[in-house]
Amino acid sequence: GTFQTVYLEDAQGRRTGPTKYQIYEMYQDWQQAVSWRRDPGDNEDHVSREESRWSDNGRDFLGMFNLPRPDEGIWRRMGFNNATRGIKGLGVDFADPMHVLAVGPAATSLVVHVSRPREDPVTTTPFIFKIVAMPDGKLMFQPMQRTLAQDRCRDN
């Protein structure tokens, strides 16, 4: 599968989406092979044979896409026509993540939905992480089963 959506969610269930996508890898692999044979003759007599093979392959970088559009999967925004394939590494920028985290980093979840194209209709699987601020100022992401808002609803 590939990326469907990414967002931050606070403990009250309020969501904020990214303002920019940064693709780590979007490329096209290619391969070509050429083989040839030459059998020159003199009055239909076989004189010699020449043949050779050559092949090459490579990877072309396809570019970087930045601006998200609302209400469609990330895979579609990146130019793919279905959710079966797409980018495999993605970075996202949020408008003001420190404002969202100011409510308390322990009160914010990061949710990443990835498509499951073998299922019909195509469904997604959420990967949920609790954002934890470390003493050195860095952020740590702890895997969770549910968002903080889902836990809060469940407890009430």
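The values are calculated or read from the model by the stated rules, or taken from the named source; none is laboratory data. Keep in mind that what you see is a predicted model, and the values were worked out from it rather than measured. Note that each Cβ is placed from the backbone with ideal geometry, even for glycine, and that neighbours are counted across all protein chains shown. The accessibility values were calculated without ligands, DNA or RNA, using every heavy atom of the protein model including side chains. Shrake-Rupley method; radii C 1.70, N 1.55, O 1.52, S 1.80 Å.
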(request) Looking at (1) of a type in the set (Gly, Ala, Ser); (2) at pLDDT below 80; (3) under 44 Å from the mean Cα position of the chain (by Cα), find the lone condition where GLY41 falls short. (result) (3)
(request) Give the stretch 106-122 a look and list any residue that's open to solvent by less than 70 Å² (accessible area, probe 1.4 Å) and more than 16 Å from the chain's Cα centre (by Cα), or say none. (result) ALA106, ALA107, THR108, SER109
(request) Enumerate the pairs (first residue in the stretch 9-27 and open to solvent by 70 Å² or more (accessible area, probe 1.4 Å) and among the acidic types (Asp, Glu); second residue anywhere and in a loop (DSSP other than H, G, I, E, B) and modelled with pLDDT under 85) with beta-carbon separation below 8 Å, excluding pairs fewer than 6 apart on the same chain, so at least 6 apart or on different chains. (result) GLU25/ILE87; GLU25/LYS88; GLU25/GLY89
